[in-house]
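Chemist: Just dropping this structure here.
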Amino acid sequence: MIIKLLLAVGIGVVALSFLRNRNAMRFQAGKKLALAGFTLLCLVSVANPDLTNWLAEQVGVGRGADLLLYLTVLGFLFVAINTYLKFKDYDARLTRLARSVALEEAVRRRQALDQRQPGQ
């Protein structure tokens with residue numbers, strides 16, 4: 001019984017830390033709803049572990065623990081792909097910014113050079 005309480009508190013702390021830290025994590029409404037649903041499912045599975053076994057049997061998986069493992073792998077893949085796409089987007093933004101700064105610097109240097117050589 002103590003493990004159920006510890007798991008429930010841990011799940012709640014993780015969910016609240018994501019929702020409260022608005023500067024570090026900018027969640028869209030859909031992501032907030034998904035997090036709330038995931039948190040609710042976690043709490044239900046902690047409170048009633050037999051439910052995961054029943055659900056696993058319904059979808060053709062042997063045990064509830066195996067079902068949770070498969071869902072965790074899917075969740076990890078989602079996070080990995082999402083992170084990869086964000087980094088790819090940030091890389092493209094940084095490249096555009098660096099090009100823009102380089103062009104502005106080249107124009108500034110050219111203007112400074114033209115001002116030093118008024119006779120040409």
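Chemist: Does the stretch 3-12 include one or more residues that are modelled with pLDDT under 85 and touching a Ser or Thr at 6+ places or on another chain (Cβ under 7 Å)?
Modeler: yes
Chemist: Taking only the stretch 46-102 into account, find how many residues are more than 23 Å from the chain's Cα centre (by Cα) and under 30 Å from Ala8 (Cβ atoms).
Modeler: 21
Chemist: Of the conditions (1) assigned by TED's automatic domain parsing to the domain that holds Leu5; (2) modelled with pLDDT of 85 or more, Glu105 satisfies every one except a single condition; which number is it?
Modeler: Condition (1) is where Glu105 drops out.
Chemist: May I ask you to list pairs of residues, at least six apart or on different chains, whose Cβ atoms are under 9 Å apart, with the first in the stretch 61-81 being in a helix (DSSP H, G or I) and the second being surrounded by fewer than 13 Cβ atoms within 10 Å (Cβ to Cβ) and among the β-branched types (Val, Ile, Thr)?
Modeler: Once the first residue is in a helix (DSSP H, G or I) and sits in the stretch 61-81, its partners that are surrounded by fewer than 13 Cβ atoms within 10 Å (Cβ to Cβ) and among the β-branched types (Val, Ile, Thr) give Leu67/Val59.
The values are calculated or read from the model by the stated rules, or taken from the named source; none is laboratory data. All values derive from a computational prediction rather than experimental measurement. Virtual Cβ from ideal backbone geometry, glycine too; neighbours counted across all protein chains shown.
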